[in-house]
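Undergrad: Before I ask anything, here is the structure I am working with.
The values are calculated or read from the model by the stated rules, or taken from the named source; none is laboratory data. Every value quoted in this text rests on a predicted model; they were computed, and no experiment measured them. Reconstructed Cβ throughout: ideal geometry from the backbone, glycine too, with neighbour counts over all protein chains shown.
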Amino acid sequence: MIYLKTREELELMRESAQCVSRTLGMLAKEIKEGVELKRLDKLAEEFIREMGGVPSFKGYPGPTPFPASLCLSINEQVVHGIPGDRVVKDGDILAVDCGVFKNGFHGDHAYTFCIGNVKPEVRKMVEVTKESLYKGIEQVTANNRIGDISYAIQQHAESHGYGVVRELVGHGLGRHLHEDPQVPNYGRRGTGPKLRDGMVIAIEPMINLGKKEVRTLSDKWTIVTRDGLPSAHFEHDVALIDGKAEILSTFDYVEEALGILKSAN
Ligand code: MG
Ligand code: MG
């Protein structure tokens, strides 16, 4: 069942999404060579609670309750990496996925950071993954369907020869972290549920440098590429309001911290 949000609810959702955005911006200054992943997780949890939010991911039900506030996925890890004592190294890419629950609604979005001397082909894959997110968002208009978003993401990623992960998908967002509809990163134009005013979806391409296949590690959470090649992940929370896409989250805090021009947003 797809829950359409009222104006008031959309404003609360924007606040939750912005809490995630600010958390990612805070982390952008901390993510550097030598930082331990569990330190980033601790900083994020404190920051979220200071804003009056609760980390959406901590205790999230699964094979075991998710033990942390962030999903931190390095290199060949696609998503759902558990922050531990691993340290960030020069040349790594780190996908940071964060969720905040506040005023009864969740925000959920993600950014992939390049640390130091990342190989050009990997950096390119990270850029194209971000571009594919915006290609998907362009399709969020009245009269379009979920499949239009899926198709646009898949086309862009595959045109560069990358693998598009099938097993994990974007989703509706609201009072629950995962609501209907599912938002796959692959699919056919004109298929799937119709987009309607008041819908909020988390669009989140997971794109592999190599093949699309993934597997789960023995910790039962971490998803990695089967071929061991790196993978990137970007996620925005997007609402359809008056027939137009509105991105409730923002990468502005991150890109300000990184000193990147904001033109891509
Ligand atoms: Mg999500
Ligand atoms: Mg997420």
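Undergrad: I'd like to verify a number: residues in the stretch 58-76 that are among the hydroxyl-bearing types (Ser, Thr, Tyr), crowded, with 23+ Cβ neighbours inside 10 Å and in a loop (DSSP other than H, G, I, E, B), how many? Spell out the reasoning first.
TA: Taking the stretch 58-76 first, the residues among the hydroxyl-bearing types (Ser, Thr, Tyr) are 60, 64, 69, 73.
Pick out the ones that are also crowded, with 23+ Cβ neighbours inside 10 Å and you get 69, 73.
Next cut, in a loop (DSSP other than H, G, I, E, B) only: 69.
Going through the stretch 58-76 one residue at a time, the tally reaches 1.
Undergrad: Take the conditions within 16 Å of ligand 2 (Cβ to nearest atom) and either assigned to a loop (DSSP other than H, G, I, E, B) or crowded, with 23+ Cβ neighbours inside 10 Å (or both) and apply them to VAL118. Does it pass? Let's see the steps before the verdict.
TA: Numbers: within 16 Å of ligand 2 (Cβ to nearest atom): no; either assigned to a loop (DSSP other than H, G, I, E, B) or crowded, with 23+ Cβ neighbours inside 10 Å (or both): yes.
No, not satisfied.
Undergrad: Right, next: Does SER56 count as of a type outside the set (Asp, Glu), farther than 19 Å from ILE115 by Cα and touching a residue at least 60 places away in the same chain (Cβ under 8 Å)? Give the steps one after another, and end with the answer.
TA: On the way: of a type outside the set (Asp, Glu): yes; farther than 19 Å from ILE115 by Cα: yes; touching a residue at least 60 places away in the same chain (Cβ under 8 Å): yes.
It is true that SER56 is of a type outside the set (Asp, Glu), farther than 19 Å from ILE115 by Cα and touching a residue at least 60 places away in the same chain (Cβ under 8 Å).
Undergrad: Only strands (runs of 3 or more DSSP E) wholly contained in the stretch 161-257 count here; list those with 3 or more residues that are at pLDDT 95 or above and within 16 Å of ligand 1 (Cβ to nearest atom).
TA: Details: elements: 170-172, 179-183, 200-203, 206-208, 214-216, 223-225, 231-233, 236-241, 244-247.
Correct list: 170-172, 179-183, 200-203, 231-233, 236-241.
Undergrad: Within the stretch 121-131, is there a residue that is at pLDDT 95 or above, outside any helix (DSSP H, G or I) and either over 21 Å from GLU33 (Cβ atoms) or of a type outside the set (Val, Ile, Thr) (or both)?
TA: The initial filter retains those residues of the stretch 121-131 that are at pLDDT 95 or above, namely 121-131.
Of the ones still in play, those that are also outside any helix (DSSP H, G or I) are none.
No: the stretch 121-131 contains no residue that is at pLDDT 95 or above, outside any helix (DSSP H, G or I) and either over 21 Å from GLU33 (Cβ atoms) or of a type outside the set (Val, Ile, Thr) (or both).
Undergrad: If we scan the stretch 138-147, do we find a residue that is outside any loop (DSSP other than H, G, I, E, B), among the aliphatic types (A, V, I, L, M) and closer than 18 Å to VAL78 by Cα? Spell out how you get there, then give the answer.
TA: Step one: list which residues in the stretch 138-147 are outside any loop (DSSP other than H, G, I, E, B), which gives 138, 145-147.
Within this subset, residues satisfying the condition of being among the aliphatic types (A, V, I, L, M) are 146.
From what is left, the residues that are closer than 18 Å to VAL78 by Cα are none.
Looking for residues that are outside any loop (DSSP other than H, G, I, E, B), among the aliphatic types (A, V, I, L, M) and closer than 18 Å to VAL78 by Cα, one finds none in the stretch 138-147, hence no.
Undergrad: Continuing with the same structure: Being out of contact with any strand residue (DSSP E or B) (no Cβ under 6 Å at 6 or more places or on another chain) and within 16 Å of ligand 2 (Cβ to nearest atom) is the filter here, so list the residues in the stretch 183-209 that pass it.
TA: The answer is PRO184, PRO205.
Undergrad: If you don't mind, another one. Consider the stretch 77-107. How many of its residues are part of a loop (DSSP other than H, G, I, E, B), buried (at least 21 other Cβ atoms within 10 Å of the Cβ), of a type outside the set (Gly, Ala, Ser) and in contact (Cβ under 8 Å) with a residue 60 or more places away in the chain?
TA: 2
Undergrad: Which one is nearest to HIS106 (Cα to Cα), of the residues in the stretch 1-44 that are among the polar types (S, T, N, Q) and assigned to a helix (DSSP H, G or I)? Working first, answer last.
TA: Quick first cut of the stretch 1-44, residues among the polar types (S, T, N, Q) only: 6, 16, 18, 21, 23.
Imposing the further condition that a residue be assigned to a helix (DSSP H, G or I) reduces the set to 16, 18, 21, 23.
On the way: SER16: 6, GLN18: 10, SER21: 12, THR23: 14 Å.
Selected residue: SER16.
Undergrad: Name the residue that is nearest to ligand 1 (Cβ to nearest atom), counting only residues in the stretch 93-115 that are within 25 Å of GLU36 (Cβ to Cβ) and touching a Gly at 6+ places or on another chain (Cβ under 6 Å).
TA: Out of the qualifying residues, it is ASP108.
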